[in-house]
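One structure below.
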Amino acid sequence: MEFLTDPVFLSRLQFALTTVFHITFPTLTIGLGVYLVVVEWLWLRTGDLVYFRQFRFWSRLFAVNFAVGVVSGIPLEFQFGTNWGPFSATVGNFFGQVLGFEGTMAFMLESAFLYIMLFGWKRVGPKMHFTATILVAFAASLSAFWILVANSWMQTPSGGHIANGIFVVDNYLAAIFSPDLPLAFTHMYLACLEVSLFVIGAVSGINIMLGRNAAFFLKSFKIAAIAALVVAPLQAFIGDANGQEIGRLQPAKVAAIEAHWNTNKPGTGAPWNMFAWPDPEHERNYFQLEIPYALSLLITHSPTGIVPGLKDFPKEDRPPIVLPFYSFRLMVGIGFIMVGVMLWTFWEWKKGRLTVTAAPGRKWLYLAWAAMAGGAYVAVVMGWITREVGRQPWLAYGLIRRAEGHSDLTAGEVWVSLVGFLVAYTILFSLFVFFMGKLLKKGPNMEELPPAAHARG
């Protein structure tokens, strides 16, 4: 239990817990923002009141998630100064500016137009209101972009050099668009859309099952299903491409994720360990269930492609193995189940079972959507664990180690803030559940009418 007295471990634990809590809220608002753009566009195009009421109902859920996301996200940036001061002092020339861009560009834009989107129906015309909705959705996505710029730079630092202990930027564009960014941002953005679509589908499905406003929720269920049919397979494709890119940029991370100890010899393929129990001390796996050639195929798209093993890297440069190994497999497994639920849904649709009269009887389908809504959140968290633990022992890969970037804090001092965050976030989550429960129980207002100017739109 020595790790409980290690201030570096405790600071990492604190950042991980606060991040996992925070990430669930913007993940939903990013995709929900896109959904609101779609239903408002359908409302303007068709004049069908169901789309107006769709917007009003889901925008209230968006607002609650946005509020909790903002409150829970602020402590994350402060921790770079309190717990990781030397890291901030070293890379602040670039890293601090990126986080500043996220606040000034994305957060301010989103906050400014959110008021118009939520309360501006009687104050602005249809075009201005639709513009505000687009800008809110765009700002939420822009926020994700800048956060991924910062995180991808930590994975593959580029665009500058260290001089006198300070990172000096030589090329801002190269630093912003680090090699890890394009696929990492795309992978994360699709994950946000997947989470949102499965939450919309799950909430809709449960209400259909319970006989509450079946026609209204069947509409949102079908929109979510159509979009998820595109997003879920696309996510699998991008995930595969991202795996190859990581294999090229961070081979030690891939070797850890796959518990791959020995580099395969030329002409032989590296096997993929479906299951294994890694033993880092003796540099081997206790047991393993292998698929021959599969790892070479996954990482190099060649059955005999060379995949570096962990033994090629000094022990002090190797990431932990057990956590990323199982986190990665859980993430991938959930992703494939999502694709299966999508295929099941369209089979039911094709058979004519998703009509207002027949849909309430598809109980198991809606329960599967509900399970996958939770699974989508788990997959996002597992993905981040794989990504962040696989970067260890570096804060900025190859540039600064975690021990070098930690502030001079004692374990007791970190414990105080850690417990404080746990208490504060527990209260915050309780309030979130209370208000979300009220909104979901109340449901959509089926008598609500738009202002006259919007009705003409």
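So which of Pro324, Pro319 is within 30 Å of Arg284 (Cβ to Cβ), outside any helix (DSSP H, G or I) and open to solvent by less than 50 Å² (accessible area, probe 1.4 Å)? Please lay out each step first, then the result.
Numbers: Pro324 fails: outside any helix (DSSP H, G or I).
That would be Pro319, the only listed residue that is within 30 Å of Arg284 (Cβ to Cβ), outside any helix (DSSP H, G or I) and open to solvent by less than 50 Å² (accessible area, probe 1.4 Å).
Does Glu281 satisfy the condition of being open to solvent by 60 Å² or more (accessible area, probe 1.4 Å) and of a type in the set (D, E, K, R)?
Values: open to solvent by 60 Å² or more (accessible area, probe 1.4 Å): yes; of a type in the set (D, E, K, R): yes.
Here the answer is yes, as Glu281 does meet what is asked.
Report, by residue number, each residue of the stretch 40-78 that is over 26 Å from Lys127 (Cα atoms) and crowded, with 19+ Cβ neighbours inside 10 Å. Before the answer, list the steps.
Residues of the stretch 40-78 over 26 Å from Lys127 (Cα atoms): 68-78.
Val68, Gly69, Ser72, Gly73, Pro75 - these are the residues of the stretch 40-78 that are over 26 Å from Lys127 (Cα atoms) and crowded, with 19+ Cβ neighbours inside 10 Å.
Picking from Ala137, Ala144, Ala174, which residue would you name as being surrounded by 22 or more Cβ atoms within 10 Å (Cβ to Cβ) and either assigned to a helix (DSSP H, G or I) or of a type outside the set (S, T, N, Q) (or both)?
Values: Ala144 fails: surrounded by 22 or more Cβ atoms within 10 Å (Cβ to Cβ); Ala174 fails: surrounded by 22 or more Cβ atoms within 10 Å (Cβ to Cβ).
After applying the criteria, what remains is Ala137.
Could you give every pair whose Cβ atoms fall below 9 Å, whose first residue belongs to the stretch 92-106 and is within 15 Å of Val70 (Cβ to Cβ) and in a helix (DSSP H, G or I), and whose second residue is open to solvent by 30 Å² or more (accessible area, probe 1.4 Å) and modelled with pLDDT under 85, counting only separations of at least 6 or pairs across chains?
Qualifying pairs under 9 Å: Leu99/Glu77; Glu102/Glu77; Gly103/Glu77.
Hey, among the residues in the stretch 1-31 that are within 18 Å of His406 (Cα to Cα) and among the small types (Gly, Ala, Ser), which one's least open to solvent (accessible area, probe 1.4 Å)?
Restricting to residues being within 18 Å of His406 (Cα to Cα) and among the small types (Gly, Ala, Ser), the top hit is Ser11.
Can you name every residue in the stretch 185-237 that is surrounded by fewer than 18 Cβ atoms within 10 Å (Cβ to Cβ) and hydrophobic (A, V, I, L, M, F, W, C)?
Leu210, Ala215, Ile226, Leu229, Val230, Leu234, Ala236, Phe237
Let me spell it out: the conditions are (1) exposed (fewer than 13 other Cβ atoms within 10 Å of the Cβ); (2) outside any loop (DSSP other than H, G, I, E, B), and Met331 meets all of them except one. Which number is the exception?
Answer for Met331: the failing condition is (1).
Tally the residues that are assigned to a helix (DSSP H, G or I) and either closer than 19 Å to Glu40 by Cα or of a type in the set (Gly, Ala, Ser) (or both), restricting the search to the stretch 107-127.
Of all residues in the stretch 107-127, those assigned to a helix (DSSP H, G or I) come to 107-119, 126-127.
Subsequent filtering for residues that are either closer than 19 Å to Glu40 by Cα or of a type in the set (Gly, Ala, Ser) (or both) retains 110-119, 126-127.
The number of residues fulfilling the criteria is 12.
I'd like to check something: does the stretch 372-379 contain any residue that is open to solvent by 50 Å² or more (accessible area, probe 1.4 Å) and either closer than 30 Å to Leu10 by Cα or assigned to a helix (DSSP H, G or I) (or both)? Let's see the steps before the verdict.
Filtering the stretch 372-379 for residues open to solvent by 50 Å² or more (accessible area, probe 1.4 Å) gives 377-378.
Subset that is either closer than 30 Å to Leu10 by Cα or assigned to a helix (DSSP H, G or I) (or both): 377-378.
There is at least one residue in the stretch 372-379 that is open to solvent by 50 Å² or more (accessible area, probe 1.4 Å) and either closer than 30 Å to Leu10 by Cα or assigned to a helix (DSSP H, G or I) (or both).
Being open to solvent by 30 Å² or more (accessible area, probe 1.4 Å), among the hydroxyl-bearing types (Ser, Thr, Tyr) and modelled with pLDDT of 90 or more narrows it down to one of Thr82, Thr90, so name that one. Lay out the reasoning, then the answer.
Values: Thr90 fails: open to solvent by 30 Å² or more (accessible area, probe 1.4 Å).
The match here is Thr82.
For the stretch 177-205, enumerate the residues that are closer than 23 Å to Trp394 by Cβ and either assigned to a loop (DSSP other than H, G, I, E, B) or among the acidic types (Asp, Glu) (or both). Let's see the steps before the verdict.
Narrowing the stretch 177-205 to residues closer than 23 Å to Trp394 by Cβ: 177-185, 187-188.
Listed by number, the residues that qualify are Phe177, Ser178, Pro179, Asp180.
Before we move on, is Ala163 small (Gly, Ala, Ser), over 29 Å from Ala236 (Cα atoms) and either in contact with a Phe, Trp or Tyr (Cβ under 8 Å, 6 or more places away or on another chain) or open to solvent by 30 Å² or more (accessible area, probe 1.4 Å) (or both)?
Working: small (Gly, Ala, Ser): yes; over 29 Å from Ala236 (Cα atoms): yes; either in contact with a Phe, Trp or Tyr (Cβ under 8 Å, 6 or more places away or on another chain) or open to solvent by 30 Å² or more (accessible area, probe 1.4 Å) (or both): yes.
So Ala163 fits the description; yes.
Could you please let me know if Lys265 is within 27 Å of Tyr35 (Cα to Cα) and charged (D, E, K, R)? Before you say what the answer is, go through the steps one by one.
Numbers: within 27 Å of Tyr35 (Cα to Cα): no; charged (D, E, K, R): yes.
So Lys265 does not fit the description; no.
The values are calculated or read from the model by the stated rules, or taken from the named source; none is laboratory data. Just so we're clear, the structure is a prediction, and the values are computed from it rather than from any experiment. Ideal geometry is used to build each Cβ from the backbone, glycine not excepted, and the neighbour counts take in all protein chains shown. Note: accessible area is taken over every heavy atom of the protein model, side chains too, but ligands, DNA and RNA are not part of it. Shrake-Rupley method; radii C 1.70, N 1.55, O 1.52, S 1.80 Å.
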